[in-house]
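Enquirer: Could you have a look at this structure, given as structure tokens, before my questions?
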Amino acid sequence: MARPDAPAARPANTAEEAVGRTIGDYATQVFGVAAAEVQKLHHDPLELFTRAVQPVLWLLLFGEVMAQVRGVSPQNLRYLDFLSAGILAQSVLFVAIFNGISAIWERDLGVLQRYLVSPAPRSALVIGKAISGCVRALSQALIVYLVALVLGVGVALNPAKIVGVIVAIALGSALFSTFSLIIACLVKTRERFMGIGQVLTMPIFFASNAIYPLSLMPPWLRAVSHLNPLTYEVDALRDLMLVGGASDYGLPLDFGVLIGTGAALTAIAAKMYARMGY
Amino acid sequence: MGVTMTDNPSPHVTVDVRDLTRRFGDLVAVDHASFTIAEGEIFGLIGPNGAGKSTLIKMLTTLLPPTSGSAIVAGYDIVQRPGEVRRHIGYVPQLLSADGSLSGYENLLLSARLYGIPGRERSQRIARALARMGLSEAAHHLVGHYSGGMIRRLEIAQSLLHRPKILFLDEPTVGLDPAARETVWDHVLDLRESFRTTMIVTSHHMDEIEQFCDRIALVDRGRTAAIGTPAALKAEAGPGATLDDVFIRLVGGKSESEAEERYGETRRARRAASEHG
């Protein structure tokens, strides 16, 4: 191991080589963190199925009843179609919020310190965690798609659109799991996180276009919903997931909001994550 | 690396701590600690609970920035170049650092990736580390099913993959039975023998500290109350004195005073222990 004739650091011959190696190391560090999370899911996949129960219930119970109410659904979409994109975004949101609890769990155990004493840049750790959240979210998406197909929702199966859905889910998941990590850094205990997690996820869900259109909202709530990134994720998903679905704000704005907010949150989380080790 | 080595007063000094201080509000957890550690030395930190050992180690491993003072670790300043310090140290924390929901091999793979070990060397280094720590057969079992001693050995293995110059071991034998304790120490001594790895160790077992450490710093209320070889410290305490006597003479009955502040840490440790049986 620590043989004096075999130094840990490899000498770089040129500046370009050093930069190339830094980028390569960064990618490996991100991948390492994400891969470890995926290996955990592989060892214990039950979690993926239990988490799928909630979106299925929303579509089957809430969706079937609300479909009887007139005027809820805009854009000539059936309500169940309208709802399915919203529930897809919701299941991604709820899974992403789990990221913060797992960070607190890792801090309590001591596993977090192991990440923090490694030379990996803090942003690489945060992004790795966010990507592992994406994997969880995509497995949810698969189940929502299957249920939606069974219920006769007009799901667009065009490959380009499916790729678009995957990108939208990945961005939304990364954004909300990083948000959750920031909350975890602030509250630091599981008990407090559980309380605050509920207080935050429900408003994010209800103050959005996930289960009803913004046009039904009073003006103040509509204004709040326009500031909510979930609104833009749902808007993109309606366009990409559904036959005959259309975006209200345009895909460039939707993706711009998701990328911009996600990048800002990652920068904040990288600063705060280091303080979790104190 | 040649440039930064000039920070060192002597090529044999690998840790140089100067007036290192950390405050938490009104509490001074570490108060102007100063000492040096030579390459290849096994350096023990002892002291009552809440004396500041953990805070000191957190600063030296760059987990916590100091309030004032400085320290050079493995040739790099902990405040100016924390990334380089991390690259050259290994840390086995008191709490669990191996992930119970991964296998031993997967834990090592994660460490190898975090430390930027090139892909073509990874599997060979992991296999060697597993063999060295006597874990080859259990490599693909979930760590959640490992014994306490096996977990400790795995944690040492994962903190060694990148060939650190300095290894920090915070209570490496806490909660282990005597046989497992001895195995852990055998491995630690073997590492020093093979690679001249410098070790900084905390322990509550005075017998271990006396038997294995070249020098000891006794930390009390944030200050380094005494530093020296076990023999010198005992001689100072009087004829026939044991290390326990040294401890009691310097620290007295104050070890209860900060018990309350340690509640959070105790709860965390117990939770961790119950999680992994």
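Enquirer: Being touching a residue at least 60 places away in the same chain (Cβ under 8 Å), surrounded by 15 or more Cβ atoms within 10 Å (Cβ to Cβ), out of contact with any helix residue (DSSP H, G or I) (no Cβ under 9 Å at 6 or more places or on another chain) and not β-branched (Val, Ile, Thr) is true for just one of B:Arg223, B:Arg215. Which residue is that?
Expert: So the residue among B:Arg223, B:Arg215 that is touching a residue at least 60 places away in the same chain (Cβ under 8 Å), surrounded by 15 or more Cβ atoms within 10 Å (Cβ to Cβ), out of contact with any helix residue (DSSP H, G or I) (no Cβ under 9 Å at 6 or more places or on another chain) and not β-branched (Val, Ile, Thr) is B:Arg223.
Enquirer: OK, next. Evaluate the range B:153-168: report whether one residue or more is among the small types (Gly, Ala, Ser), buried (at least 18 other Cβ atoms within 10 Å of the Cβ) and either at pLDDT below 90 or assigned to a loop (DSSP other than H, G, I, E, B) (or both).
Expert: yes
Enquirer: Next up: Looking only at the range A:42-51, decide whether some residue is free of Cβ contacts under 8 Å to residues at least 12 places away in the same chain and touching a Ser or Thr at 6+ places or on another chain (Cβ under 8 Å).
Expert: Checked the range A:42-51: at least one residue is free of Cβ contacts under 8 Å to residues at least 12 places away in the same chain and touching a Ser or Thr at 6+ places or on another chain (Cβ under 8 Å).
Enquirer: Name the single residue that is nearest to A:Trp105 (Cα to Cα) among those in the range A:157-186 being surrounded by fewer than 17 Cβ atoms within 10 Å (Cβ to Cβ) and of a type in the set (A, V, I, L, M).
Expert: In this case the residue turns out to be A:Leu186.
Enquirer: Kindly indicate whether any position in the range B:30-47 is within 14 Å of another protein chain (Cβ to nearest Cβ), surrounded by 24 or more Cβ atoms within 10 Å (Cβ to Cβ) and not in a loop (DSSP other than H, G, I, E, B). Lay out the reasoning, then the answer.
Expert: Going through the range B:30-47, the residues within 14 Å of another protein chain (Cβ to nearest Cβ) turn out to be B:30, B:39-40.
Retained after the next criterion (residues that are surrounded by 24 or more Cβ atoms within 10 Å (Cβ to Cβ)): B:30.
Remaining after also requiring not in a loop (DSSP other than H, G, I, E, B): B:30.
Taking every residue of the range B:30-47 in turn, at least one turns out to be within 14 Å of another protein chain (Cβ to nearest Cβ), surrounded by 24 or more Cβ atoms within 10 Å (Cβ to Cβ) and not in a loop (DSSP other than H, G, I, E, B).
Enquirer: When you scan the range B:174-252 for strands (runs of 3 or more DSSP E) that lie fully inside it, which ones turn up with 2 or more residues that are charged (D, E, K, R)?
Expert: In the range B:174-252, B:215-220 are the strands (runs of 3 or more DSSP E) which contain 2 or more residues that are charged (D, E, K, R).
Enquirer: Consider the range B:152-176. How many of its residues are touching a residue at least 60 places away in the same chain (Cβ under 8 Å), under 18 Å from B:Ala129 (Cα atoms) and away from chain A (no Cβ under 11 Å)?
Expert: Initial filter on the range B:152-176 (touching a residue at least 60 places away in the same chain (Cβ under 8 Å)): B:152, B:155-156, B:158-160, B:162, B:164-172, B:174-175.
Those still in the list that are under 18 Å from B:Ala129 (Cα atoms) too: B:152, B:155-156, B:158-160, B:162, B:164-169, B:172.
If we keep only those that are away from chain A (no Cβ under 11 Å) as well, we get B:152, B:169, B:172.
Adding up the residues that qualify gives 3.
Enquirer: Identify, from the list A:Val92, A:Val53, A:Val126, the residue that is part of a helix (DSSP H, G or I) and at pLDDT below 90. Explain how you work it out, then say what you get.
Expert: Numbers: A:Val92 fails: at pLDDT below 90; A:Val126 fails: at pLDDT below 90.
Answer to the check: A:Val53.
Enquirer: So which residues in the range A:45-74 are closer than 14 Å to A:Val135 by Cβ and surrounded by fewer than 13 Cβ atoms within 10 Å (Cβ to Cβ)?
Expert: A:Pro45, the sole residue that qualifies.
Enquirer: A further question on this structure: Anything in the range B:193-206 that is within 14 Å of chain A (Cβ to nearest Cβ) and over 23 Å from B:Thr62 (Cα atoms)? List them, or say none. If you could, list the steps in order and put the result at the bottom.
Expert: Step one: list which residues in the range B:193-206 are within 14 Å of chain A (Cβ to nearest Cβ), which gives B:193-200.
Result: B:Glu193, B:Ser194, B:Phe195.
Enquirer: Then there is this: Within the range B:96-111, identify whether any single residue is part of a helix (DSSP H, G or I), touching a Gly at 6+ places or on another chain (Cβ under 8 Å), more than 7 Å from chain A (Cβ to nearest Cβ) and within 21 Å of B:Ala138 (Cβ to Cβ), and answer yes or no.
Expert: Yes, there is a match, as at least one residue in the range B:96-111 is part of a helix (DSSP H, G or I), touching a Gly at 6+ places or on another chain (Cβ under 8 Å), more than 7 Å from chain A (Cβ to nearest Cβ) and within 21 Å of B:Ala138 (Cβ to Cβ).
Enquirer: Next question, about the same structure. Considering only residues that are away from chain B (no Cβ under 14 Å), in contact with an Asp or Glu (Cβ under 8 Å, 6 or more places away or on another chain) and among the β-branched types (Val, Ile, Thr), which ones fall in the range A:108-166?
Expert: A:Val135, A:Val153
Enquirer: In addition: Tell me whether the range B:177-185 contains one or more residues that are within 14 Å of chain A (Cβ to nearest Cβ) and in contact (Cβ under 8 Å) with a residue 24 or more places away in the chain.
Expert: no
Enquirer: Could I ask something else about it? Looking at the range B:122-142, which of its residues are in a helix (DSSP H, G or I) and either surrounded by 14 or more Cβ atoms within 10 Å (Cβ to Cβ) or more than 12 Å from chain A (Cβ to nearest Cβ) (or both)?
Expert: Scanning the range B:122-142 gives B:Arg122, B:Ser123, B:Arg125, B:Ile126, B:Ala127, B:Arg128, B:Ala129, B:Leu130, B:Arg132.
Enquirer: Output yes when any residue across the range A:93-101 is surrounded by 20 or more Cβ atoms within 10 Å (Cβ to Cβ), out of contact with any Phe, Trp or Tyr (no Cβ under 7 Å at 6 or more places or on another chain) and within 27 Å of B:Gly116 (Cβ to Cβ), and no when none is.
Expert: Among the residues of the range A:93-101, at least one is surrounded by 20 or more Cβ atoms within 10 Å (Cβ to Cβ), out of contact with any Phe, Trp or Tyr (no Cβ under 7 Å at 6 or more places or on another chain) and within 27 Å of B:Gly116 (Cβ to Cβ), which makes the answer yes.
Enquirer: So if I check each of A:Tyr115, A:Tyr145, which one is among the aromatic types (Phe, Trp, Tyr) and surrounded by 20 or more Cβ atoms within 10 Å (Cβ to Cβ)?
Expert: A:Tyr115
Enquirer: Then there's this: Scan the range B:63-93 residue by residue and report those that are within 7 Å of another protein chain (Cβ to nearest Cβ) and assigned to a loop (DSSP other than H, G, I, E, B).
Expert: The answer is B:Leu63, B:Leu64, B:Pro93.
Enquirer: Can you name the residue in the range A:12-43 that is among the charged types (D, E, K, R), facing chain B (nearest Cβ under 9 Å) and closer than 18 Å to B:Pro118 by Cα and is also nearest to the chain's Cα centre (by Cα) among such residues?
Expert: Only one residue fits best here, namely A:Asp25.
The values are calculated or read from the model by the stated rules, or taken from the named source; none is laboratory data. What you see is a predicted model; the values in this text were computed from it and never measured. Reconstructed Cβ throughout: ideal geometry from the backbone, glycine too, with neighbour counts over all protein chains shown.
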